Amino acid sequence: MKFSLSALVLLGSSLLAAAAPAAAPAGSALDKRASLSTFAGTNAYWLTTLTSDTDVDTAMSAIAKAGLTHVRTWAFNDATSCSGVYFQCWSSGSPVINTGTDGLQRLDAVVTAAEKYGLKLIMPLTNQWTDYGGMDMYVSQLTGGSTHSDFYTNDKVMSAYKNYVKTVVTRYKSSSAVLAWELANEPRCTSCETSVITNWATTMSAYIKSLDSSKLVGMGDEGFMNNGSSASTYPYQGKEGVDFAANLKISSIDFGTLHLYPDSWDMTNDWGNTWISDHQAACEAAGKPCILEEYGVKSDVSTVFESWHNTIKSVGMVGDLYWQFGTTLSSGKTADDGYTIYSSDSDFSPLVETWAQSRKSS
Ligand SMILES: *[C@@H]1O[C@H](CO)[C@@H](O)[C@H](O)[C@H]1NC(C)=O
């Protein structure tokens, strides 16, 4: 999800039966991939920006109490004016990773709380969007330009990204609370050949595996399909430089990701059901699980969620994470971008808890 700056200022089935790989070594990513069973989770990007361990604990406890088992949050936070919480500070083209109390120790707190509450984390390592720095900060700092596609191809940029990835991935090598790393939140390369992102993802996912082969690796993308010029609607036209099926074939990518925001894509809520089933079909063809890892609507939430949840169940998609969880912390309510469902909302129980409980494996 791309969200506005105002939002961040506020707070600071079992795996698709299809192709379960036989006899993967215990503890390996393949083994983990095969053993995924149905789950419901949520997004709370702001968790890693919280400065108080108590707030982190409060939020994670509320997530777990609802029956949600998986949480997606940002494992990046790049800055040029470096104050408050940031993970990597850029100055004159040089990145310095912040391992201090307002640096990666904030991420440590989230991992520790996830371990405490038995939650699994899914964490993208940079951002398509400029929120918290993202790809364009690497590009502007290292090339002096603003060509977004350089993020995927420029040698200096690729090695700086790798350096950050190495620091974070190796830091949590021993934590079983980290289920998956994602290459980026919603990577796009608008108007590029889709091979640009596929080549980049091939290199970077293999790199993460070389650092820690026990974690799953996903793209973190929106799941755009590249059906060629015959496709009549935007999400299937490959215009953002993403080819879902091609990326899913990468051997070091363990699962497929899709997001669902019909409002932003000029599609109908009902079409969301097709989006879910199209991806499940592609994932079954690839023998890999699919996670609907972001979805939201700003109105008719009950009706729309019920319809999408039914489809998730009927097509056998293994997991979903709604965008996004909210609760009240020491500084007040957490970020509201119009999609937030707070634990205090009257529809939280029917929309979130009931669904989450029904998806928990017994
Ligand atoms: C695009 O291709 C996928 C995979 O073959 C298919 O499931 C989907 O229905 C197609 N959609 C459109 C609109 O072309």
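Where Lys and Arg each count +1 and Asp and Glu each count -1, what net charge lies around ASP347 among other residues with Cβ under 12 Å from its Cβ?
Net charge in that neighbourhood comes out at -4.
Work out the length of the dipole vector of the chain about its Cα centre, built from +1 on the beta-carbon of each Lys and Arg and -1 on the beta-carbon of each Asp and Glu, and round it to the nearest 20 debye.
Magnitude of the dipole: close to 1040 debye.
For the chain, what is the accessible area per residue in Å², given a 1.4 Å probe and the full set of protein chains?
About 37 Å² of surface per residue is accessible.
Once a ≥ b ≥ c are taken as the square roots of the eigenvalues of the Cα gyration tensor of region 75-206, is the result rounded (a/c under 1.5), prolate (a/b larger than b/c) or oblate (a/b not larger than b/c)?
Here region 75-206 falls in the oblate category.
Using all alpha carbons of the chain, what is the percent of pairwise distances in each 10 Å bin, ordered from the shortest bin to the longest?
It works out to 5, 26, 37, 26, 6, 0, in whole percents.
Step through the residues of region 142-148 one at a time and calculate ³J(HN,Hα) from phi using the Karplus curve (6.51 cos²θ - 1.76 cosθ + 1.60, θ = phi - 60°), rounding each to whole Hz and writing x for Gly and Pro.
9, 10, x, x, 9, 8, 3
For region 75-153 and region 223-259, what is the separation of their Cα centres, given in Å?
Between the Cα centres of region 75-153 and region 223-259 lies a distance of 26 Å.
Can you put THR143, THR101 in order of accessible area, largest first, using a 1.4 Å probe?
Listed by decreasing accessible area, they come as THR101, THR143.
Can you sort TRP271, TRP74 by solvent-accessible area, 1.4 Å probe, largest first?
Greatest to least solvent exposure: TRP271, TRP74.
Which of the GluC sites (Glu not before Pro) found in region 172-273 are in a DSSP loop and have at most 16 neighbouring Cβ atoms, other than their own, within 10 Å?
The qualifying sites are GLU193.
Using the Cβ atoms and a cut-off under 11 Å, what net charge is assigned to the surroundings of PHE76, where Lys and Arg are +1 and Asp and Glu are -1?
Taking every other residue near PHE76 into account, the sum is -3.
Specify whether the C-alpha gyration tensor of region 192-335 places it in the rounded, prolate or oblate class, a ≥ b ≥ c being the square roots of the eigenvalues: rounded for a/c under 1.5, otherwise prolate if a/b is larger than b/c and oblate if not.
It is oblate, given that a/c is not under 1.5 and a/b is not larger than b/c.
What does the charge count around PHE244 come to, taking other residues whose C-beta lies under 12 Å from its C-beta (Lys +1, Arg +1, Asp -1, Glu -1)?
-3
What does the highest-first list of 198-210, 35-47 look like by mean Cβ count within 10 Å?
With the highest mean Cβ count within 10 Å placed first, the list reads 35-47, 198-210.
For the chain, what % of the accessible area comes from carbon and sulfur atoms, probe 1.4 Å?
Carbon with sulfur: 50 percent of the solvent-accessible area.
The values are calculated or read from the model by the stated rules, or taken from the named source; none is laboratory data. Everything numeric here is computed off the predicted structure, so don't read it as measured data. Because the Cβ atoms are built from the backbone with ideal geometry, glycine has one as well, and the counts that use them run over all protein chains shown. These accessible areas exclude ligands, DNA and RNA; they are computed on the full protein's heavy atoms, side chains included. Shrake-Rupley method; radii C 1.70, N 1.55, O 1.52, S 1.80 Å.
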